[in-house]
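The values are calculated or read from the model by the stated rules, or taken from the named source; none is laboratory data. No experiment lies behind these values; they were computed from the predicted model shown. Cβ atoms come from the backbone with ideal geometry, glycine included; neighbour counts cover every protein chain shown. For the accessible areas, the whole protein counts, side chains as well, though only heavy atoms, and no ligand, DNA or RNA atoms are used. Shrake-Rupley method; radii C 1.70, N 1.55, O 1.52, S 1.80 Å.
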Amino acid sequence: MQTFQPLATFGRRIVIMGPTNAGKSTLAVAIGKKLDIPAIHLDQLRHLPNTDWQVRPDAEFHALHDAAILEADWVMEGNYSVLMPQRFARATGIIVVDDHYLRRFSRYLRRTLLEKQRAGHLPGNRDSVKWEMISWIWKTRNSVGRYHGFARQTDLPLVFCSSLREVKALGRAWNL
């Protein structure tokens with residue numbers, strides 16, 4: 001099991017990246033509570049509230065993202081690689097998380113079918129199982145290397161958790 005740098009090393013503008021259903025939103029909420037800073041879920045900025053995940057126009061999403069990163073403090077989870085350069089320019093630390101795609105698929109089904117509210121949910125919407133999301137989990141099964149590569153190109157403090165077990169160990173190390 002790895003040892004982790006102290007949470008203070010990561011500053012107060014933390015980026016969390018990784019494939020869907022790997023624990024990004026839950027970790028962002030926990031860090032946000034610990035540091036008393038807002039947890040920003042990029043999927044909530046990308047999609048219109050009170051819809052069944054209807055996508056916002058690109059220009060509107062980009063403007064919301066760019067306004068959010070200008071805030072003094074945040075923990076921001078999500079990928080949207082087209083917006084990573086400006087996010088990294090403002091970030092003080094990066095966390096990359098992953099888990100096996102079968103566990104992510106199982107987590108997606110459990111969260112969608114059984115949890116009424118979850119970290120990163122879309123306000124005003126009750127999730128439903130979508131073929132597009134099942135397909136996306138399969139399509140992104142090997143994507144974490146790409147996110148990890150983006151993060152390693154920065155000089156920012158970085159932690160990589162290759163499984164939910166390691167994400168939980170990180171949470172214990174940081175008393176989240």
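A few remarks follow.
- Cα gyration tensor shape for region 1-136, rounded if a/c is under 1.5, else prolate or oblate: oblate
- Listed residues TRP174, TRP138, TRP131 arranged by accessible area, highest first, probe 1.4 Å: TRP131, TRP138, TRP174
- Given a 1.4 Å probe and the protein chains as shown, TYR80 ends up with an accessible area of around 60 Å².
- Separation of alpha-carbon centers, region 121-176 and region 32-58, rounded to whole Å: 15 Å
- With the simple model of a label 7 Å out from the Cα in the direction of the Cβ, SER106 to SER81 spans 2.8 nm.
- Extension gain, LYS139 to LEU64: 0.36 nm times the residue separation minus the Cα-Cα distance gives 24.3 nm.
- 222 nm mean residue ellipticity, helices alone, for the chain (DSSP H n ≥ 4; -39,500 (n - 2.57); rounded to 500): -13000 deg cm²/dmol
- Relative contact order (%) - the chain, alpha-carbon pairs under 8 angstrom, separation at least six: 36 percent
- Gyration tensor verdict on region 1-81 (Cα atoms; rounded if a/c is under 1.5, prolate if a/b is larger than b/c, oblate otherwise): prolate
- Rolling a 1.4 Å probe over the protein chains gives LYS34 an accessible area of about 100 Å².
- Accessible area ranking (1.4 Å probe, heavy atoms, ligands and nucleic acids excluded), largest first, for HIS62, HIS41, HIS100: HIS100, HIS62, HIS41.
- Pairs exceeding a 27 Å alpha-carbon distance, out of LYS33/LYS130; LYS139/LYS168; LYS34/LYS130; LYS24/LYS130: LYS33/LYS130; LYS34/LYS130.
- The figure for GLU166 is an accessible area of roughly 40 square angstrom, using a 1.4 Å probe on the protein chains alone.
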